[in-house]
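Visitor: Please read through the structure below; I'll follow up with questions.
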Amino acid sequence: MFHHFVVWLTDTIGQWGYPGIVMLMALESSFFPFPSEVVIPPAAYLAASGKMNIGMVVLCGTLGSLLGAVFNYWFALKFGRLFFEKYGRYLLVSPKSLEKADRFFERHGHISTFIGRLLPGIRQYISLPAGLARMNIFIFCTATALGAGIWVLILASMGYWFGRNEQLVLQNLHWATLILMVGCGVIVFFYWRTWQSHIRRTQELETRL
């Protein structure tokens with residue numbers, strides 16, 4: 001079944017071209033998650049076959065991911081904030097909790113968004129709390145594009161080199177995902193240590209003054 005779906009998707013992308021990649025990847029990043037694992041690898045396989053350009057595949061995949069993420073951000077900013085301000089008390093979400101979320105994303109939104117885009121099950125929805133907390137849109141877009149770009153590049157590499165063998169693509173993606181999760185853990189560890197050191201230095205400076 002998966003094989004037939006990939007064949008259909010490859011034919012579809014071949015017909016729609018680069019706009020099809022943008023549209024499908026935008027869906028993947030929105031409320032209607034469309035697995036990126038079955039969008040980019042087939043497109044990359046077409047690039048390996050000389051029917052598409054691998055650079056354009058990565059660019060369109062990243063652009064689509066960014067557009068879907070911005071939609072989620074806008075939706076949460078426009079409607080989510082209003083909803084929780086009006087009904088949050090019934091869901092145990094107080095105005096103070098929203099203020100804490102605002103401060104968190106103001107300080108750590110860049111790393112949270114970047115890491116979130118690399119983690120399965122989170123990458124589609126990290127835009128919602130960012131929009132709810134009114135994260136700086138420029139920083140949000142930059143972190144989203146970087147994280148999404150890395151994931152799309154990994155998917156494109158798998159499709160480019162192993163596109164003829166769907167099972168091999170899935171196996172390598174499994175290991176790539178594990179490596180990404182470990183890498184994200186290391187990044188968070190060192191980021192948190194750096195942040196704590198910054199806090200201590202700031203407190204020491206304030207004490208001296």
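Visitor: Take the alpha carbon atoms of region 131-148, find their center, do the same for region 58-88, and report the distance between the two centers in whole angstrom.
Guide: 10
Visitor: Can you give the FRET efficiency to the nearest 0.05 for Cys141 and Leu168, using r as the Cβ-Cβ distance and R₀ = 30 Å?
Guide: Using R0 = 30 Å, I get an efficiency of 0.30.
Visitor: Further question on the same structure: May I ask you to derive the FRET efficiency for Leu59 and Ser197 from their Cβ-Cβ distance with R0 = 30 Å, giving the value to the nearest 0.05?
Guide: Efficiency for this residue pair is about 0.20.
Visitor: Net charge near Glu37: determine it from the other residues with C-beta under 13 Å of the C-beta of Glu37, scoring Lys and Arg +1 and Asp and Glu -1.
Guide: On the way: positive: Arg123; negative: Glu28, Glu166.
The answer is -1.
All of the numbers you see were taken from the coordinates with simple rules; none came from a lab. None of the values given here were measured: they were computed from a predicted structure. As a convention, Cβ positions derive from the backbone with ideal geometry for all residues, glycine included, and neighbour counts pool all protein chains shown.
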